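Here's the structure we're looking at; comments come further down.
The values are calculated or read from the model by the stated rules, or taken from the named source; none is laboratory data. Fair warning: this is a prediction, and the values are worked out from it, not measured in the lab. Reconstructed Cβ throughout: ideal geometry from the backbone, glycine too, with neighbour counts over all protein chains shown.
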Amino acid sequence: MRLLRNLAPALSAFLALFASSQPASSAPPAEANSCLACHGAQGEGLAAAGYPRLAGLSAEYISEQLNAYIDGRRVNPIMRPMAMPLTATQIQGIATFFSALPAPSNVAAALTDATQSALGQQLAERGEWSAGIPACFNCHAPGGVGLPPAFPPIVGQPAMYIESQIQAWKNGTRQGDPKNLANALMHNVAFRMSDTQTKAVAAWLAAQPIPTPNTSPSTTVKTNP
Ligand code: HEC
Ligand code: HEC
């Protein structure tokens, strides 16, 4: 707006007309405002509380998860009341908004425990075949950046959140998975993992940089101040 005020009136009138036909795509839909308190103003999540990032997750995945909280495939006392009142159209708007935000760049500090770090890296990159655990990156893509729409990114998520989700699959409070695969994929991985392995891989993943390009769109418009 500061730029507009400095321009000749005729030009600014033209630009204002242009701007009004092109609403800023970064403005959240009204029903997304209540989400930002926990999931961050940029959808980056809140690591200290274990709240996941939504920025850069695929729209299909986000809407699938909101429906899972509604129909009980994901049991969570915080998210269920958030998801319940949303209409299908609102879910779509919210999912589109968060998926278009760039993945966050803040990551947790590198692990100081070398043994834990090595175990975490091994599980992520190579798995533990003696226990029947495939490498996380086999499904979540090299670097853990995810493979939209069905495989979410696992880097850029808080360690506490990754850990809690693996526990949720183990104890049956998370049962979503691509429908045609009958809940097999992540559940089969999770129930083979020990607590030590779960903690190590969660901590290691949370400390990994998010490689570019990631799932965020390449069409971000840059404006010079
Ligand atoms: C009071 C805090 C809080 C608010 C407000 C909140 N969330 Fe959440 N959200 C959470 C927590 C905690 C989880 C993890 C729950 C779990 O373990 O399943 C979560 C998980 C999610 C997930 C799953 C993410 C993933 O990676 O699978 C989605 C999607 C989501 N929230 C969307 C929303 C939307 C949309 C809103 C607003 C309508 C919202 N949340 C409001 C705390 C919150
Ligand atoms: C065989 C394929 C496969 C492998 C291997 C795999 N995952 Fe997954 N993972 C999935 C699928 C599919 C989902 C999405 C499930 C859904 O839609 O609810 C998922 C979801 C997740 C989520 C939830 C992310 C979110 O945003 O809520 C976490 C955390 C996760 N996986 C961690 C891991 C870890 C850690 C490993 C390695 C130890 C691993 N996964 C290995 C298929 C896999």
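The table that follows gives values for the structure above.
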{"read-out": "Residue in region 152-162 that is more than 13 Å from ligand 1 (Cβ to nearest atom), of a type outside the set (G, A, S) and closer than 23 Å to T96 by Cβ present", "value": "no"}
{"read-out": "Of residues in region 135-149 being without any contact (Cβ under 8 Å) to a residue 60 or more places away in the chain, in a helix (DSSP H, G or I) and out of contact with any Phe, Trp or Tyr (no Cβ under 6 Å at 6 or more places or on another chain), the one surrounded by the most Cβ atoms within 10 Å (Cβ to Cβ)", "value": "F137"}
{"read-out": "So A168, is it part of a helix (DSSP H, G or I), small (G, A, S), closer than 24 Å to L66 by Cβ and within 12 Å of ligand 2 (Cβ to nearest atom)", "value": "yes"}
{"read-out": "Count of residues meeting criterion [away from ligand 1 (no atom under 16 Å from the Cβ) and of a type in the set (A, V, I, L, M)] in region 128-151", "value": "3"}
{"read-out": "Residue that is nearest to I162 (Cα to Cα), among those in region 13-60 that are of a type in the set (S, T, N, Q) and modelled with pLDDT under 90", "value": "S26"}
{"read-out": "Per-region count, region 33-61, residues in a helix (DSSP H, G or I), more than 6 Å from ligand 1 (Cβ to nearest atom) and not polar (S, T, N, Q)", "value": "7"}
{"read-out": "Yes/no for I154 being touching a His at 6+ places or on another chain (Cβ under 8 Å) and either closer than 26 Å to T173 by Cβ or in a loop (DSSP other than H, G, I, E, B) (or both)", "value": "yes"}
{"read-out": "Selection count, region 94-134, where residues are surrounded by fewer than 17 Cβ atoms within 10 Å (Cβ to Cβ) and closer than 18 Å to A184 by Cα", "value": "4"}
{"read-out": "Selected residue (criterion: nearest to Y161 (Cα to Cα)) from residues of region 61-75 that are touching a residue at least 40 places away in the same chain (Cβ under 8 Å) and more than 17 Å from the chain's Cα centre (by Cα)", "value": "V75"}
{"read-out": "Enumerated helices (runs of 4 or more DSSP H) restricted to region 62-127, each holding at least 3 residues that are modelled with pLDDT of 95 or more and within 13 Å of ligand 1 (Cβ to nearest atom)", "value": "79-83, 88-100"}
